[in-house]
Amino acid sequence: MKRTKIVDIFDPALIGSDVSVKGWVRTRRGNKHVQFVALNDGSTIKNIQIVFDMARFTDEQLKPVTTGSAIHVTGKLVESMGKGQTCEVQADTLEVYGTADPEVYPLQKKGHTLEFLREKAHLRPRTNTFGAVLRIRSALAMAIHTFFQERGFFYLHTPLITASDAEGAGAMFQVTTLDLNDLPRTEDGKIDYSSDFFGKHTSLTVSGQLEGELGATALGAIYTFGPTFRAENSNTPRHLAEFWMIEPEVAFFDIKDNMDLAEDFIKYCVKYALDHCRDDIEFLSQMYDENLIARLESVLKDEFVRLSYSDGIKILEESGKKFEFPVYWGADLSSEHERYLVEEHFKRPVILTDYPKEIKAFYMKQNEDGKTVRAMDVLFPQIGEIIGGSEREESYEKLSQRIEDLGIPMKDMWWYLDTRRFGTVPHSGFGLGFERLVLFVTGMTNIRDVIPFPRTPGNAEF
Ligand code: 4AD
Ligand code: MG
């Protein structure tokens with residue numbers, strides 16, 4: 001008999017038919033006459049109830065059916081008398097694939113804390129919470145591809161190993177095959193990378209943007225969607241050392257077009273999740289955050305506020321609020337500032353533009369005032385910065401001057417500067433941190449809980 005996934009079993013047309021179900025036991029309870037098993041196979045947040053009539057099964061047969069064990073049951077699907085479920089399976093046959101010794105299986109039925117589950121990241125996908133989060137994460141990945149593909153963007157694969165620091169922030173992981181106990185040296189005592197695997201010093205990429213710009217100035221509109229790596233020692237609920245980023249880049253786009261794209265894009269993703277992951281979102285809302293659905297819906301309905309950094313600073317200064325980090329023109333905003341603007345002042349998402357050039361990356365288009373650049377950060381409730389982007393400096397002279405002023409090694413950037421030497425055009429793009437989007441949509445509060453196997457300072461287990 002063909003297996004029915006649990007997500008498909010609640011179809012009223014199946015009532016009365018014989019079914020075959022496979023999955024992991026969540027709970028077993030009952031008495032000597034009847035035993036009830038809640039079975040989950042990961043296809044949905046819902047469990048199917050299996051009813052064992054103990055006139056037809058022995059205690060010995062049911063003994064290995066404990067929380068965490070994997071079983072296969074065939075039987076008749078019938079309407080359920082019990083509350084909380086529409087149908088259940090009356091078991092005819094039972095096959096046990098794998099047991100899970102109750103003495104040692106860590107996920108017993110009582111609710112575990114998220115902190116505890118982080119230490120059991122190899123098993124936590126089997127919990128309701130992580131099942132829901134991972135299904136939503138998967139749906140959001142589909143939403144992202146669908147959004148861009150429907151609009152004629154091409155999916156560009158940018159390299160993960162690179163010799164350039166795209167953000168100029170220096171927080172990169174080195175990639176080397178040199179013997180660290182016996183490093184080759186140049187005459188002046190520095191490490192000789194010419195004998196390294198790539199013949200030069202290389203790292204894991206912090207962003208695919210620079211190569212994305214090469215794609216955009218050829219294909220017109222591209223997006224990347226892949227892992228990025230940052231060796232910043234930020235132990236916060238919003239930073240990972242390995243995270244996924246989506247970076248669209250579009251030729252002939254100015255910052256206004258870029259803001260419109262960012263707003264449409266996020267709204268599309270949130271709506272996609274509400275339309276496709278209702279059960280999972282409702283579950284997370286009940287468990288963790290009763291305002292979750294209202295917050296998701298309000299993002300869809302509200303137009304994002306568009307505001308310059310300078311005006312944002314004014315609002316923060318005049319708020320009379322005591323912030324942990326000081327506010328002044330020129331300061332980099334921290335998430336308490338961003339969240340004040342979004343959650344308390346405007347009560348909806350904010351796109352902040354035209355930041356001081358000193359706190360932004362070298363590639364951003366310089367404004368006429370000589371002080372600011374055409375940057376745009378999208379700030380979200382609960383999250384703070386969810387997107388960072390800009391219009392790009394398309395002038396060869398201005399860009400190479402900026403690279404020189406900042407002391408970025410020009411020889412490494414020759415290929416990037418060629419986009420400005422040959423057929424340069426106005427263009428813009430942004431990066432969305434995928435896990436920050438998943439955080440927002442799931443209502444989870446720690447970024448370690450929205451990626452299957454988080455990488456953070458001091459932690460690369462699993
Ligand atoms: O603002 P960022 O650093 O911008 C860039 O990397 C640009 N190259 C993007 C572009 O214009 N194409 O990073 C973009 C987004 C942030 O807004 C944030 O959502 C996320 O990436 N992000 C992180 N997410 C998790 N952990 C970290 N350590 C992150 N750093 C940035
Ligand atoms: Mg940023």
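The values are calculated or read from the model by the stated rules, or taken from the named source; none is laboratory data. Treat the numbers as computed from the prediction; the structure is a model and nothing was measured. For neighbour counting, all protein chains shown are included, and Cβ atoms are generated from backbone atoms with ideal geometry for every residue, glycine included.
Of the strands (runs of 3 or more DSSP E) contained entirely in region 194-264, those carrying at least 3 residues that are not polar (S, T, N, Q) fall at 221-229, 242-251.
The residues of region 67-108 that are assigned to a loop (DSSP other than H, G, I, E, B) and touching an Asp or Glu at 6+ places or on another chain (Cβ under 8 Å), listed by number, are Ser80, Gly82, Thr86.
Can Met142 be described as surrounded by 21 or more Cβ atoms within 10 Å (Cβ to Cβ) and not β-branched (Val, Ile, Thr)? Considered against the rule, which asks whether it is surrounded by 21 or more Cβ atoms within 10 Å (Cβ to Cβ) and not β-branched (Val, Ile, Thr), Met142 comes out as no.
Of all residues assigned to region 338-361, at least one qualifies as being surrounded by 17 or more Cβ atoms within 10 Å (Cβ to Cβ), hydrophobic (A, V, I, L, M, F, W, C) and closer than 28 Å to Thr162 by Cα.
Residue pairs whose Cβ atoms lie under 6 Å apart, separated by 6 or more positions or on different chains, with the first residue in region 37-53 and of a type in the set (Ser, Thr, Tyr) and the second modelled with pLDDT of 95 or more and buried (at least 19 other Cβ atoms within 10 Å of the Cβ), are Ser43/Ile6; Thr44/Ile6. Name the single residue, out of those in region 41-66 being in a strand (DSSP E or B) and either touching a Gly at 6+ places or on another chain (Cβ under 9 Å) or among the basic types (Lys, Arg) (or both), that is farthest from Arg28 (Cα to Cα). Here the residue is Ile48.
Criterion applied to Ala171, Ala121 was being closer than 24 Å to Phe229 by Cα, touching a Lys or Arg at 6+ places or on another chain (Cβ under 8 Å), in a loop (DSSP other than H, G, I, E, B) and among the small types (Gly, Ala, Ser), and the one residue passing it is Ala171. Here Arg420 clears all of (1) in contact (Cβ under 8 Å) with a residue 60 or more places away in the chain; (2) more than 16 Å from ligand 2 (Cβ to nearest atom) except the condition numbered (1).
Listed conditions (1) hydroxyl-bearing (Ser, Thr, Tyr); (2) within 19 Å of Glu343 (Cβ to Cβ); (3) assigned to a strand (DSSP E or B) are all met by Thr445, apart from (3). Kindly indicate whether Ala361 is at pLDDT 95 or above and within 16 Å of ligand 2 (Cβ to nearest atom). Answer is yes for this residue.
Kindly provide the set of residues from region 360-412 that are of a type in the set (Val, Ile, Thr) and within 15 Å of ligand 1 (Cβ to nearest atom), ordered by number. If the condition is that a residue be of a type in the set (Val, Ile, Thr) and within 15 Å of ligand 1 (Cβ to nearest atom), then Val373, Val378, Ile383, Ile386, Ile387, Ile408 are the ones that fit.
Out of everything in region 389-416 that is buried (at least 22 other Cβ atoms within 10 Å of the Cβ) and under 29 Å from Val305 (Cβ atoms), what residue ends up being farthest from ligand 2 (Cβ to nearest atom)? The extreme case among them is Glu393. Only one of the numbered conditions (1) surrounded by fewer than 13 Cβ atoms within 10 Å (Cβ to Cβ); (2) within 24 Å of Leu432 (Cβ to Cβ); (3) in contact with a Pro (Cβ under 9 Å, 6 or more places away or on another chain) is violated by Gly330, and that is (2).
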